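To start, the structure itself, in structure tokens.
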Amino acid sequence: MNLVFKRLLASVIYLLTILLSTSPALHAADELTQDELVAMVIGCERLEHDYAIYRDRGDAEAFANIFTEDGEWARSNGRIIKGRPAIIEYVNSLDHSEPEAHMQLTGTVQIKPVDATVPRQH
């Protein structure tokens, strides 16, 4: 694997881990209806797509809005960007002349109780 691919993969896995581990609904995953579970999976998939689209377009504000106001974006180089304003500033500083490779079609989302949730990338 090349370095860009490895970094991207690490970022996507981290993002999905944060999303899945912080959702309040997961604390009661066993009590959710099938429709609620499907909606959560679709939401996770949409988030992954939005991540790639906004990042590649260089739309810093839209990209930052996929995070909570005090959210953290951990980069594969170990740097952690904290909060939407810092994320916006960081994205604006990046080179957007070429899109990055994103692993959008290989993710699997499984909704489980928080202590059992493990992101998987195939």
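The values are calculated or read from the model by the stated rules, or taken from the named source; none is laboratory data. All of these numbers come straight from a predicted model, not from anything done at the bench. Cβ atoms come from the backbone with ideal geometry, glycine included; neighbour counts cover every protein chain shown.
Kindly indicate whether any position in the stretch 9-28 is part of a helix (DSSP H, G or I), modelled with pLDDT of 85 or more, of a type outside the set (Gly, Ala, Ser) and in contact with a His (Cβ under 9 Å, 6 or more places away or on another chain).
no
Can you give me the number of residues within the stretch 45-83 that are in contact (Cβ under 8 Å) with a residue 24 or more places away in the chain, of a type in the set (Ser, Thr, Tyr) and more than 17 Å from Glu98 (Cα to Cα)?
The total comes to 1.
Yes or no: Ala39 more than 25 Å from His96 (Cα to Cα), more than 16 Å from the chain's Cα centre (by Cα), at pLDDT 85 or above and surrounded by fewer than 16 Cβ atoms within 10 Å (Cβ to Cβ)?
Criteria met by Ala39.
Let me confirm something: among Asp56, Asp70, Asp95, which residue is in contact with a Pro (Cβ under 7 Å, 6 or more places away or on another chain) and surrounded by fewer than 18 Cβ atoms within 10 Å (Cβ to Cβ)?
Working: Asp70 fails: in contact with a Pro (Cβ under 7 Å, 6 or more places away or on another chain); Asp95 fails: in contact with a Pro (Cβ under 7 Å, 6 or more places away or on another chain).
Every option except Asp56 fails the conditions.
Mind telling me which of the residues Ile111, Ile66 ends up being under 26 Å from Val38 (Cα atoms), at pLDDT 90 or above and part of a loop (DSSP other than H, G, I, E, B)?
Numbers: Ile111 fails: at pLDDT 90 or above.
Ile66 is the lone residue from the list that is under 26 Å from Val38 (Cα atoms), at pLDDT 90 or above and part of a loop (DSSP other than H, G, I, E, B).
Just to be sure before I move on: is Gly83 surrounded by fewer than 14 Cβ atoms within 10 Å (Cβ to Cβ) and at pLDDT 80 or above in the structure I sent?
Details: surrounded by fewer than 14 Cβ atoms within 10 Å (Cβ to Cβ): no; at pLDDT 80 or above: yes.
In short, no.
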